[in-house]
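Student: Have a look at the structure that comes next, please.
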Amino acid sequence: MSRSLSFPGQMLALVAVSTVLLLALPLVLEIDRILQLTLVFAFSILALSLAFVWGYAGIFSFGQAAFFGIGGYAYAATAINLGDSTPAIVAGVLVPTLFAALFGYFVFYARLSKIFVAVITLVMTLILYKFMGQTAKPDYMIGNARLGGYNGIPAVPPINVPGQPHLFAGPDEMFYIAGFSLLAVYLLLRWSLRTRFGKILVGMRENEKRMELLGFDTRLYKLLAFVVAAAVAGFGGVVFTNWNAFIDPHVFQLAFSAQPIIWVMIGGLGTLAGPILGTFILSTLSLELGVQKALDINLLLGAIFTFFVLLVPQGIIPTIRNYLEGRRTAGGDSSEGATGARG
Amino acid sequence: MKARPEPVADSASPPLLRTESLSKHFGGVRAVESVTFSLGEGELRCLIGPNGAGKSTFFRCLTKIYRPNAGKIYFRGRDVTSIATHEMARLGVGIKTQVPSVFDGLTVQENLMLAASAGQRGREVGRTVEEVVERLSLQAVLGARLDRLSHGQRQWIELAIVVTSKPSLILLDEPTAGMTHAEVEHTAELIRELNKSAALIVVEHDMQFIRSIATHVTVFHEGRIFLEESAEKVLHDERVGEIYLGKGAFAK
Amino acid sequence: MVIAGIQILNTVAGLALISLGLAIIFGMMRVMNFAHGELLMLGAYSVQLAHSNGLNIWISMFVVAPLFVGLVGIVMERLVVRHLYGRMMDTLLATWGISLFITGLITMTFGNMTRGISTPLGSFEIGGIRESAYKFLIIGVTVALFAAIYFILRRTRIGMIARATMDNPSQVAALGVNPGYVYTATFAVGAALSGLAGAVLAPLTGVLPTMGAAYIGKAFITVICGGEAILAGTATAAFLFGTINQVTTIALNPEFGEVALLIGALLMLRLLPEGLSSLFKRKAL
């Protein structure tokens with residue numbers, strides 16, 4: 001159905017449908033559902049950052065939750081110090097971006113293998129968790145903001161109208177902000193994947209050596225992809241910190257950094273819609289299970305994840321898509337690739 | 001075609017490619033040993049030698065996949081011994097590897113677009129791809145994903161990728177392996193045509209094929225250059241037959 | 001000075017101990033076992049449960065823990081890892097799913113709380129300061145394990161077969177040995193060593209379902225910076241990072257100990273992407 005629409009047409013349709021939905025939902029849903037959805041939107045931005053760097057650039061990064069957390073902390077510290085959210089949002093994106101650039105330089109210019117990149121990003125996350133947890137002493141201050149160790153930073157000022165700190169977002173406004181942020185990030189990533197840069201990332205995922213033999217500096221492009229993904233994750237962290245006016249080191253915890261990986265893997269690698277779907281299904285499941293406690297959430301997620309790696313490694317969306325395409329086109333080639341490359 | 005003029009050695013300008021005592025060792029194995037090799041602008045050279053003679057290793061040194069243990073590589077007079085793979089490619093060295101190295105999950109068109117966008121920008125990218133599609137008659141497979149093509153077709157697409165990136169030196173490692181007879185003839189034709197705008201080094205085993213494309217042949221044996229002569233002389237040299245296929249099996 | 005030396009030696013030994021099982025599984029089989037931390041944790045639970053049910057502490061530690069965790073290793077290899085050989089990234093992901101699963105299972109069974117084991121052996125005086133004798137046991141156990149693995153890999157028929165299988169499975173199959181068994185056994189040995197390490201360290205750390213996370217960062221850094229040579233690489237990396245960690249902890253403060261570890265690892269990998277093993281000759285162990 002959507003195949004007949006051009007790319008801008010598809011995106012316009014998506015924007016129209018999402019806008020109507022986002023505006024209508026607070027009218028029909030209870031406030032706790034709205035809050036829950038806001039959280040899921042923030043998580044979806046995190047999932048998109050991993051979907052981009054892993055699914056398209058082929059870099060398995062364990063560190064997306066860490067950049068998400070750094071973004072949250074940077075937002076919190078800046079907002080507390082300046083009292084206005086606008087520079088805080090910028091800081092929430094910029095600080096993880098710079099951190100990723102520095103960290104990524106060492107990792108990618110050393111040409112570490114995929115496995116080692118996975119390991120070292122995991123280690124980075126673990127060490128951040130431990131370090132942030134140990135900042136309870138009052139000498140760990142950023143300006144007026146106390147890092148607070150495992151207790152985190154409470155009472156973070158919410159997003160406000162630029163320059164007017166007294167006009168700040170309530171739950172409904174925050175829902176809109178989170179929803180439209182997710183939409184914007186999705187559109188931005190979709191667009192970037194159609195540019196030369198996006199094509200190069202996919203080429204690198206498919207065959208890194210060939211890209212080098214063609215003259216592409218793969219170290220640089222990997223670093224760029226990593227940095228872009230960190231910026232997106234950091235932005236997700238800004239939205240997340242706003243959700244509860246709070247950030248603490250649990251975002252660096254193993255159990256938390258695990259989640260985006262599961263969402264992306266199960267939704268489908270190499271797509272952007274799949275990871276969002278995965279986030280909606282699984283984070284809702286986690287939130288519901290978290291309440292009733294009969295079944296441990298790690299046990300369930302671990303089992304589901306291992307099952308997918310062994311038996312459905314492509315994830316939900318690509319599996320469905322392949323099934324549909326297999327039925328539709330028995331002989332001819334799919335039109336997907338050819339149209340995708342032309343635009 | 002046989003009356004191709006010999007490449008003129010111009011003492012004023014440096015050769016396109018030159019290696020000096022190039023060596024690559026793996027532990028105790030001397031895969032490439034002290035190879036001094038020279039290729040002029042616009043030249044077409046065939047590289048032959050039995051399996052394990054060091055031809056592919058030599059190619060990997062030239063594309064900087066391997067770092068040589070000793071020796072120097074010069075490209076247009078510039079010392080390129082210690083630059084990276086992508087920098088070598090940007091200088092204009094393209095390679096078709098022995099096992100097709102292509103973008104398996106992408107379509108033929110996407111493969112070519114990527115290759116073109118390596119060194120070209122804007123409109124030029126699309127134009128180059130169209131040219132190559134026309135030249136290599138790829139219209140029918142344009143939308144097909146590479147992992148759904150036959151081995152011979154993949155070889156052919158890899159050639160197309162190399163052509164699309166417009167190199168000035170093309171290295172071909174066994175371009176006809178796994179191709180049908182018709183495809184081999186097609187490849188020979190293409191190589192002759194490519195040679196109008198680029199220099200080539202072709203590793204091959206098919207003597208018929210070598211005879212149809214090259215005037216000069218370099219013979220590798222145990223990592224060293226064994227012989228460098230005109231194609232006719234090399235193909236009738238008894239010693240080459242001995243090292244290559246065992247006694248008597250060669251000269252036919 | 002003596003005390004600082006002992007502390008450094010102790011950190012180095014602990015690092016080498018928690019990394020050994022991981023290094024064997026990665027070095028021999030090219031499997032990055034993300035459930036490594038949970039194998040250590042299961043070792044700790046084994047000794048705690050066996051001992052609190054009346055079994056002798058040393059038997060619990062040196063027999064029950066490695067046997068049980070070795071068995072877990074066999075199950076893991078047979079059920080999951082086996083199907084993914086050659087696909088390094090998928091193995092990493094699958095073992096990581098297992099890691100979550102085991103953490104969840106233990107949390108559900110035993111609750112999310114710390115259990116303790118009293119430290120055996122007591123303490124003695126050295127240079128006027130009391131030191132726990134148990135710390136010396138850890139150093140001793142680590143040295144003994146490294147020596148034993150070296151001996152087995154270099155000098156015994158089983159070790160030869162194991163190394164040959166990793167090089168060329170079909171050749172070993174031609175000799176009448178089933179490579180599948182060798183893989184299972186190697187994985188089991190790696191797991192058993194991890195279980196033993198977790199058990200030996202349990203009296204110092206306490207026992208908790210999520211304790212694996214505290215170990216794996218250090219263990220992974222040690223193994224990837226160690227590189228190709230399983231024993232020499234791991235030992236050198238443990239020595240380097242143990243020293244960095246301990247010196248930073250003493251000189252600055254404990255919060256920066258592990259941060260220094262990460263920075264050290266990044267700098268080292270930038271200079272030696274193949275790890276410390278590239279300083280040794282090829283085929284070293």
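No value in this document is a laboratory result; all are computed from the given coordinates. Just so it is clear, the structure is predicted and the values come from calculations on it, not from any experiment. As a convention, Cβ positions derive from the backbone with ideal geometry for all residues, glycine included, and neighbour counts pool all protein chains shown.
Student: What distance in nm separates the simple spin-label points at C:Phe136 and B:Glu20, each placed 7 Å from Cα in the Cβ direction?
Tutor: About 6.4 nm separates the two model spin labels.
Student: Oh, and also: Restricting to the protein assembly as shown, compute how many DSSP beta bridges are antiparallel as a %, nearest 5.
Tutor: So the antiparallel bridges amount to about 65 percent of the total.
Student: Follow-up question, since we're still on this one. Place a +1 charge on the Cβ of each Lys and Arg in chain B and a -1 charge on the Cβ of each Asp and Glu, then give the dipole magnitude about the Cα centre in debye, rounded to the nearest 20.
Tutor: Computed charge dipole of chain B: roughly 500 debye.
Student: Taking θ = phi - 60°, what integer Hz values does the Karplus form 6.51 cos²θ - 1.76 cosθ + 1.60 yield along the range B:211-225, in sequence order, with x for Gly and Pro?
Tutor: Going residue by residue, I get 4, 7, 10, 10, 9, 10, 10, 10, 9, 9, 8, 6, x, 10, 7 Hz, with x marking Gly and Pro.
Student: Right, here's the next one. In nm, to one decimal, how far is the B:Ser230 label point from the A:Ile142 one, both placed 7 Å along Cα→Cβ?
Tutor: 7.6
Student: For a Förster distance of 25 Å, can you work out the FRET efficiency between the beta-carbons of B:Glu189 and A:Ser113, rounded to the nearest 0.05?
Tutor: Efficiency computed from Cβ-Cβ geometry: 0.05.
Student: For C:Ala174 and C:Ala148 in one chain, what is 0.36 nm times their gap in residues minus the Cα-Cα distance, to one decimal in nm?
Tutor: Result for the pair: 6.5 nm of gain on full extension.
Student: If you average the sequence gap of Cα pairs under 8 Å that are 6 or more apart and divide by the length of the range A:118-160, what percent do you get for the contact order?
Tutor: Relative contact order for the range A:118-160 comes out at 28 percent.
Student: Report relative contact order for chain C in percent, whole number only (criteria: Cα-Cα under 8 Å, sequence separation at least 6).
Tutor: 34
Student: In what sequence do A:Tyr73, A:Tyr176 fall when counting other Cβ within 10 Å, fewest first?
Tutor: A:Tyr176, A:Tyr73
Student: I want to check the label-to-label distance for B:Thr36 and C:Ala4. Put each point 7 Å from Cα in the C-beta direction and report it in nm to one decimal.
Tutor: 5.8
Student: Moving on to the next point. Please give the peptides B:234-243, A:229-238 ranked by average Cβ packing (other Cβ atoms within 10 Å per residue), highest first, as a rough proxy for protection.
Tutor: Ranked from most to least packed, the peptides come out as A:229-238, B:234-243.
Student: Still on this structure: Please list, in order along the range B:27-44, the HN-Hα scalar couplings obtained from phi with the Karplus expression 6.51 cos²θ - 1.76 cosθ + 1.60 (θ = phi - 60°), rounded to whole Hz, x for Gly and Pro.
Tutor: Rounded to whole hertz, the list is x, x, 7, 8, 5, 10, 10, 6, 8, 10, 9, 9, 9, x, 4, x, 7, 10.
Student: Which of the peptides C:21-27, C:51-57 is most tightly packed, and how do the rest follow, going by the mean number of other Cβ atoms within 10 Å of each residue?
Tutor: Put in order of decreasing packing, that is C:21-27, C:51-57.
Student: Now a separate question. Identify the trypsin sites (Lys or Arg not before Pro) of the range B:70-171 meeting these criteria: DSSP loop state and at most 15 other C-beta atoms within 10 Å of the C-beta.
Tutor: Of the trypsin sites (Lys or Arg not before Pro), the ones in loops of the range B:70-171 whose Cβ has at most 15 other Cβ atoms within 10 Å are B:Arg121.
Student: What FRET efficiency, computed as 1/(1 + (r/R0)^6) with R0 = 51 Å and r the Cβ-Cβ distance, is obtained for B:Glu242 and A:Arg327, rounded to the nearest 0.05?
Tutor: Efficiency computed from Cβ-Cβ geometry: 0.30.
Student: Using r as the Cβ-Cβ distance of A:Glu173 and B:Arg121, and R0 as 41 Å, what FRET efficiency do you calculate, to the nearest 0.05?
Tutor: For A:Glu173 and B:Arg121, the calculated efficiency is 0.40.
Student: Working out 0.36 nm times the residue gap between C:Arg157 and C:Trp58, then minus their Cα-Cα distance, what length gain in nm do you get to one decimal?
Tutor: Full extension of this stretch gives 32.7 nm more.
Student: Here's another thing I want to ask about it. Sum up the charges of everything whose Cβ sits under 15 Å from the Cβ of C:Tyr215, counting Lys and Arg as +1 and Asp and Glu as -1, but leave C:Tyr215 out.
Tutor: 0
Student: Still on this structure, please answer the following. Hey, which aspartates and glutamates would be in cross-link range of A:Lys222, C-alpha to C-alpha under 19 Å, not counting anything within fewer than 8 residues on its own chain?
Tutor: Counting by Cα, and skipping residues close in sequence, A:Lys222 has these aspartates and glutamates nearby: A:Glu206, A:Glu208, A:Glu212, B:Glu87.
Student: Here is a further query. Calculate the mean, over all residues of peptide A:101-113, of how many other protein chain Cβ atoms lie within 10 angstrom of the residue's Cβ.
Tutor: So the per-residue partner count for this stretch is 3.
Student: Could you tell me which of A:Phe62, A:Ala231, A:Phe41 has its Cα farthest along the dipole of the range A:34-253 towards the positive end, charges placed at Cβ (Lys, Arg +1; Asp, Glu -1), taken about the Cα centre?
Tutor: Result: A:Phe62, furthest along the dipole toward the positive end.
Student: Can you grab the distance from the C-alpha centre of the range A:248-293 to the C-alpha centre of the range C:136-189, Å, no decimals?
Tutor: 39
Student: If you average the sequence gap of Cα pairs under 8 Å that are 6 or more apart and divide by the length of the range A:51-91, what percent do you get for the contact order?
Tutor: Here the relative contact order equals 26 percent.
Student: For B:Thr218, what is the net charge nearby, where nearby means another residue's Cβ is under 10 Å from its Cβ and Lys, Arg count +1, Asp, Glu -1?
Tutor: Summing Lys and Arg as +1 and Asp and Glu as -1 gives 0.
Student: So, one more: Would you work out the charge dipole size for the range B:58-99 about its Cα centre, treating the Cβ of every Lys and Arg as +1 and the Cβ of every Asp and Glu as -1, and quote it to the nearest 20 debye?
Tutor: Here the range B:58-99 has a charge dipole of around 40 debye.
Student: Also, I was wondering about something else. When you look at the Cβ of every residue in B:113-120, what mean number of other chain Cβ atoms sits within 10 Å?
Tutor: So the per-residue partner count for this stretch is 5.
Student: Just report the Cα centroid separation between the range B:121-193 and the range C:213-255, whole Å.
Tutor: Taking the Cα centre of each part, the range B:121-193 and the range C:213-255 sit 50 Å apart.
Student: With unit charges on the beta carbons (Lys and Arg positive, Asp and Glu negative) and the dipole taken about the Cα centre of the protein assembly as shown, which residue among A:Ala100, A:His166, B:His151 sits farthest to the positive side?
Tutor: Selected residue: B:His151.
Student: Calculate for the protein assembly as shown the 222 nm mean residue ellipticity that helices alone would give, adding -39,500 (n - 2.57) per DSSP H run of length 4 or more and normalising by residue count, nearest 500 deg cm²/dmol.
Tutor: -20500 deg cm²/dmol
Student: Taking +1 at the Cβ of each Lys and Arg and -1 at the Cβ of each Asp and Glu, which of B:Val219, B:Phe37, B:Gly178 sits farthest along the dipole of chain B towards its positive end, judged by Cα position relative to the Cα centre?
Tutor: B:Phe37
Student: Would you mind ranking B:Thr176, A:Thr78 so that the residue whose beta carbon has the fewest other beta carbons within 10 Å leads the list?
Tutor: Lowest to highest Cβ neighbour count: B:Thr176, A:Thr78.
Student: Once each part is reduced to its C-alpha centroid, what is the distance from the range B:18-57 to the range A:115-156 in angstrom?
Tutor: 54
Student: Let me ask you something else. Please give the charge dipole size of the range A:34-253, origin at the Cα centre, charges +1 on K and R Cβ atoms and -1 on D and E Cβ atoms. Round to the nearest 20 debye.
Tutor: It comes to approximately 800 debye.
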